[in-house]
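First up is the structure itself, then whatever we jot down about it.
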Amino acid sequence: MTAPVIEVRDFRKTYGDLVAVDGISLDVRQGEIFGLLGPNGAGKTSTLESLEGLRSPDGGALRVAGIDPAREPRKLRNVIGVQLQSAGLPESITPDEAMKLFCAYHDVAPRFDLLERLGLNEKRNAQFFELSSGLQRRLALALAVAHNPQVLFLDEPTAGLDVASRVELHNLMRELQANGTTIILATHDMAEAEEMSDRVAILLGGKIVTIGTPMEITATGAGLTKVSVHTQGGSLINPELHFPAVSQQSVKDDYAIFFSTDIGPTVSAIIAHIEVQEDTLIDLRVERPSLEDRFLEVTTTGGAQ
């Protein structure tokens, strides 16, 4: 495997007596979309800002594409792109002027094609304060990727975006990933993190409490798999029925719903029961615990299980 593009080793960040980040370590590989998740105050922003060279660590070591962000900020600036929750642009600047300014800073040709792609073409000469919050966020993204950064930091990138803009952003993220860009995604949108991330880390109280692929994380813990079954004869609509590994069951809209700790024995027993009753299966749906379910479990119990 190639060397990681981002290396975090025993990173610690404090503000007076407050320990914001308490000795975390992680690696992010080239071309990976890595989700950084956690409730407010978990240490996400301090970690991001330190990787972006905006803050200095109080312990440990950070590397972004082999660069020490705190000691080599000039070298770092052309390697990374950053889309913040707030763009921080002057109110009177236009998207056209902003694109020219940012690209001149990075010594690349203006990427007006990005303005068109992100739905800003008709607003190229509008002042920043005249743009909707969604258009402001699209502009921030266009500026962040205009110089083809090796590493892209996205902080709540789809907040305030409509469905079409959200889809376009995700498509752009996948294109960047396919071209080798490494993306750090900080978001409170668990569905977005589960859909887009190759791996995620959940921070709590300045520590990483779990890290892995969304599939690996949702497969652990106490989450129950939901099995919804609809049959022609309704042979499963019986509160007296008991199936292996089922801890809860209910009925909704002609569906018998079972919550299982072990999906294999549960489904096998349900199918066998339907056959014995000479009933006909119409629909069977299996829903694994979501990343949001696991996130809530981790953050409310105080750590991984």
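The values are calculated or read from the model by the stated rules, or taken from the named source; none is laboratory data. Computed from a prediction, not measured in an experiment: that's the story for all the values here. Using ideal geometry, Cβ is built from the backbone for each residue, glycine included, and neighbour counts are taken over all protein chains shown.
The set of residues in segment 204-232 that are modelled with pLDDT under 90 and assigned to a strand (DSSP E or B) comprises THR225, LYS226. Looking at segment 217-233, which of its residues are surrounded by 14 or more Cβ atoms within 10 Å (Cβ to Cβ) and under 15 Å from ILE274 (Cα atoms)? Within segment 217-233, VAL227, SER228, VAL229, HIS230, THR231 qualify.
Is it the case that segment 122-133 has a residue that's touching a Leu at 6+ places or on another chain (Cβ under 8 Å) and closer than 23 Å to LEU185 by Cβ? Within segment 122-133, not a single residue is touching a Leu at 6+ places or on another chain (Cβ under 8 Å) and closer than 23 Å to LEU185 by Cβ.
The one condition from (1) surrounded by 15 or more Cβ atoms within 10 Å (Cβ to Cβ); (2) out of contact with any Phe, Trp or Tyr (no Cβ under 7 Å at 6 or more places or on another chain); (3) closer than 29 Å to LEU101 by Cα; (4) modelled with pLDDT under 95 that PRO73 does not meet is (1).
Could we say that LEU36 is under 17 Å from ASP155 (Cα atoms) and in a strand (DSSP E or B) here? It is true that LEU36 is under 17 Å from ASP155 (Cα atoms) and in a strand (DSSP E or B). Within segment 183-193, the residues that satisfy the criterion of being under 26 Å from ASP22 (Cβ atoms) and in a helix (DSSP H, G or I) are MET190, ALA193. Inspection of segment 2-20 identifies no residue that is closer than 26 Å to HIS170 by Cα, charged (D, E, K, R) and within 17 Å of the chain's Cα centre (by Cα). When restricted to residues that are of a type in the set (A, V, I, L, M, F, W, C) and farther than 18 Å from LEU185 by Cβ, segment 134-170 contains 5. Has segment 53-70 got any residue that is assigned by TED's automatic domain parsing to the domain that holds MET173, in contact with a Gly (Cβ under 7 Å, 6 or more places away or on another chain), assigned to a helix (DSSP H, G or I) and modelled with pLDDT under 95? Among the residues of segment 53-70, not one is assigned by TED's automatic domain parsing to the domain that holds MET173, in contact with a Gly (Cβ under 7 Å, 6 or more places away or on another chain), assigned to a helix (DSSP H, G or I) and modelled with pLDDT under 95, which makes the answer no. Applying the criterion of being closer than 25 Å to GLU49 by Cα and of a type in the set (Ser, Thr, Tyr) to the residues of segment 84-118, the residue that is modelled with the highest pLDDT is TYR105.
Yes/no per residue for (1) assigned by TED's automatic domain parsing to the domain that holds LEU115; (2) under 11 Å from the mean Cα position of the chain (by Cα); (3) surrounded by 21 or more Cβ atoms within 10 Å (Cβ to Cβ); (4) small (Gly, Ala, Ser):
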residue	(1), (2), (3), (4)
PHE153	yes, no, yes, no
ALA164	yes, no, no, yes
VAL167	yes, no, no, no
ILE184	yes, yes, yes, no
THR187	yes, yes, yes, no
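Selection of segment 79-110 for residues being surrounded by 15 or more Cβ atoms within 10 Å (Cβ to Cβ), touching a Phe, Trp or Tyr at 6+ places or on another chain (Cβ under 9 Å) and part of a loop (DSSP other than H, G, I, E, B) yields LEU84, ALA87, LEU89, ILE93, THR94, PRO110. Which residues, counting only those in segment 150-175, are within 21 Å of THR47 (Cβ to Cβ) and in contact with a helix residue (DSSP H, G or I) (Cβ under 8 Å, 6 or more places away or on another chain)? Those that are within 21 Å of THR47 (Cβ to Cβ) and in contact with a helix residue (DSSP H, G or I) (Cβ under 8 Å, 6 or more places away or on another chain): LEU152, PHE153, LEU154, ASP155, PRO157, THR158, ALA159, MET173. The single condition among (1) within 30 Å of ARG29 (Cα to Cα); (2) outside the structural domain of ASP198 (by TED's automatic domain parsing); (3) without any contact (Cβ under 8 Å) to a residue 40 or more places away in the chain that ASP254 does not meet is (1). Residues in segment 161-184 include none that are touching a His at 6+ places or on another chain (Cβ under 9 Å), of a type outside the set (A, V, I, L, M) and closer than 27 Å to SER50 by Cβ.
Number of residues in segment 239-276 that are part of a loop (DSSP other than H, G, I, E, B) and either more than 32 Å from the chain's Cα centre (by Cα) or over 20 Å from GLY223 (Cβ atoms) (or both) equals 8.
Of all residues in segment 233-258, those satisfying the criterion of being modelled with pLDDT of 90 or more and touching a Leu at 6+ places or on another chain (Cβ under 8 Å) are GLN249, ALA256. The set of residues in segment 194-214 that are hydrophobic (A, V, I, L, M, F, W, C), in contact with a helix residue (DSSP H, G or I) (Cβ under 9 Å, 6 or more places away or on another chain) and more than 14 Å from LEU296 (Cα to Cα) comprises MET196, VAL200, ILE211.
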